[in-house]
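The values are calculated or read from the model by the stated rules, or taken from the named source; none is laboratory data. Please read these numbers as outputs of a predicted model, since none were measured by experiment. All Cβ positions, even for glycine, are placed from backbone atoms using ideal geometry, and neighbour counts span all protein chains on display.
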């Protein structure tokens, strides 16, 4: 059992519960002691109960938060790129396969979502261009 990490992060919606992993006991069982909870949104680390975290534990958790934020950010971009692929597949479906009834069922919802997305993207692009011009 020497390959187990010393700490385990149970991911949850807004962060994680942090456990210390212990295999050095008489029963040779894996014991997990909850030591803290982490909020990924605000970076707050809350020790479990009356426990005080060591500086090393605080640093380990802070590193995990930084790595987790990077993973989530990369996933967001990947999800959007998948959405672009899905839009292309939807276009091909609408052009080549969709029946009139199927198109009737989805057209208004797609047009509204695409209009909303286009409005946001155009506004954000204009804001970036203006900010870049001001910086020059």
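So for region 67-83 (the condition being touching a strand residue (DSSP E or B) at 6+ places or on another chain (Cβ under 9 Å) and either surrounded by 10 or more Cβ atoms within 10 Å (Cβ to Cβ) or in a helix (DSSP H, G or I) (or both)), does at least one residue qualify? Yes, region 67-83 has at least one match. With the structure loaded, tell me whether residue 60 is within 26 Å of residue 8 (Cα to Cα), touching a strand residue (DSSP E or B) at 6+ places or on another chain (Cβ under 9 Å) and in the same structural domain as residue 15 (by TED's automatic domain parsing) or whether it fails that test. Yes, satisfied.
One residue is enough: does region 51-65 have a residue meeting the conditions in a strand (DSSP E or B) and modelled with pLDDT of 95 or more? Within region 51-65, none of the residues are in a strand (DSSP E or B) and modelled with pLDDT of 95 or more.
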